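Written out below as structure tokens is the structure these notes cover.
The values are calculated or read from the model by the stated rules, or taken from the named source; none is laboratory data. It should be emphasised that the depicted structure is a prediction, and the values quoted were computed from it without experimental measurement. So basically every Cβ, Gly included, is an ideal-geometry build from the backbone, and we count neighbours across all protein chains shown. Protein only, heavy atoms only, side chains kept; ligands, DNA and RNA dropped before computing areas. Shrake-Rupley method; radii C 1.70, N 1.55, O 1.52, S 1.80 Å.
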Amino acid sequence: MSERRVALAGPVNFRDVGGYETGDGRAVRWGQVFRSDSLHHLTGDDGVRLAELGLRSALDFRAHDELDEIGIGGLGQLDIEHVHLPTTDRAMHIVRPPDWTPPTSAAGVYLTMMEHGAGAYAAALNLLAEAERRPTVYFCMAGKDRTGVFSAVLLGVLGVPDDTIVADYALTHEVIDALHARTRAARPDIDDVWDRLPPEMLGAHATTMADLAVLVRDRFGSWRGYARGIGVADETLDGLHDQLVA
């Protein structure tokens, strides 16, 4: 397991995104920003650990139907601000149109996610630039797809090289079996959903994020170019860099 992983009884994919070196030889600050799978799994002991980390806010990328049906569980008992930033309206009960064409690659799914979830990701970047909201954790259900895409955007605008962004994404594969088991227990029909997705979506493979990085540079020029394109001001991006890179 990665040393940056925070051991909790509930969530299994909670990690610090600090410590990564940037292209200019500095590094992202530890203890400021975390990523996770869904925090509705938090236990009482987990709450004590998050208090030790000093968490002030939790950015929730789950869809409206996920929040409605699953809620926030133990997170609601903590002195941590819950901010709902859904990247899509529905994720659990999606009815596809008859002419729907399944995506052909996980990277393509992620690029679409960046387009459809632009408002959520822009809001998250703006919130992270507010020092009083940190330390912050952002999360979705598994902490892999919606969270993984945002991690790539965040680390990218902070100047972290693509190969490091790819490695961070792939850390989720360490716990993929536990994530799958938990999802199957909660949603016995989930394999029917997964069967309609590109096979690589079932893992957190380095090639997926590497391919996304290429798509982002082709479409937006850079991770920062994507952030600018979804409405995040240069002043905000510069401030985020100044605060989170030391």
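When you go through Leu53, Leu59 one by one, which is the residue that is out of contact with any helix residue (DSSP H, G or I) (no Cβ under 7 Å at 6 or more places or on another chain) and either farther than 24 Å from Val153 by Cα or of a type outside the set (Gly, Ala, Ser) (or both)?
Step by step, each of Leu53, Leu59 is checked, and only Leu53 is out of contact with any helix residue (DSSP H, G or I) (no Cβ under 7 Å at 6 or more places or on another chain) and either farther than 24 Å from Val153 by Cα or of a type outside the set (Gly, Ala, Ser) (or both).
Please go through (1) open to solvent by 70 Å² or more (accessible area, probe 1.4 Å); (2) in a helix (DSSP H, G or I) for Asp99 and return the number of the only condition it doesn't satisfy.
Single failed check for Asp99: (2).
Which one is surrounded by the most Cβ atoms within 10 Å (Cβ to Cβ) among residues in segment 132-147 that are closer than 18 Å to Ala167 by Cα and of a type outside the set (Gly, Ala, Ser)?
It comes out as Arg146.
Filter segment 60-79 for residues that are open to solvent by 20 Å² or more (accessible area, probe 1.4 Å) and in contact with a Lys or Arg (Cβ under 8 Å, 6 or more places away or on another chain) and give the result.
Answer for segment 60-79, where residues must be open to solvent by 20 Å² or more (accessible area, probe 1.4 Å) and in contact with a Lys or Arg (Cβ under 8 Å, 6 or more places away or on another chain): His64, Ile70.
Are any residues in segment 160-208 in contact (Cβ under 8 Å) with a residue 40 or more places away in the chain and closer than 30 Å to Asp99 by Cβ, and if so, which ones?
Listed by number, the residues that qualify are Thr183, Arg187, Arg196, Leu197, Pro198, Glu200, Met201, His205, Thr208.
Could you grab me the full set of residues in segment 23-61 that are assigned to a loop (DSSP other than H, G, I, E, B) and of a type in the set (A, V, I, L, M)?
Of everything in segment 23-61, those that are assigned to a loop (DSSP other than H, G, I, E, B) and of a type in the set (A, V, I, L, M) turn out to be Leu42, Leu55.
In segment 102-116, which residues are free of Cβ contacts under 8 Å to residues at least 40 places away in the same chain and surrounded by 23 or more Cβ atoms within 10 Å (Cβ to Cβ)?
Across segment 102-116, there are no qualifying residues.
Give the number of residues within segment 1-39 that are under 19 Å from Gly54 (Cβ atoms), aliphatic (A, V, I, L, M) and surrounded by 13 or more Cβ atoms within 10 Å (Cβ to Cβ).
Selection size over segment 1-39: 6.
Under 6 Å between Cβ atoms, at least 6 apart or on separate chains: pull out the pairs that start in segment 117-128 with a residue that is closer than 13 Å to Leu240 by Cβ and end on any residue that is among the basic types (Lys, Arg).
Listed by first residue and then by second, the contacts come to Leu127/Arg133.
Of (1) open to solvent by less than 10 Å² (accessible area, probe 1.4 Å); (2) on the phi < 0 side of the Ramachandran plot; (3) not hydrophobic (A, V, I, L, M, F, W, C), Asp177 satisfies all except one. Which?
All conditions pass for Asp177, except number (1).
Taking only segment 227-236 into account, find how many residues are surrounded by 13 or more Cβ atoms within 10 Å (Cβ to Cβ) and farther than 13 Å from Ala124 by Cβ.
Result for segment 227-236: 3.
Determine the pairs where a residue that is closer than 15 Å to Pro135 by Cβ and outside any strand (DSSP E or B), located within segment 74-90, has a partner that is among the hydroxyl-bearing types (Ser, Thr, Tyr) and open to solvent by less than 60 Å² (accessible area, probe 1.4 Å) with Cβ atoms under 7 Å apart, the partner being 6 or more residues away or on another chain.
Within 7 Å, the pairs are Ile80/Ser57.
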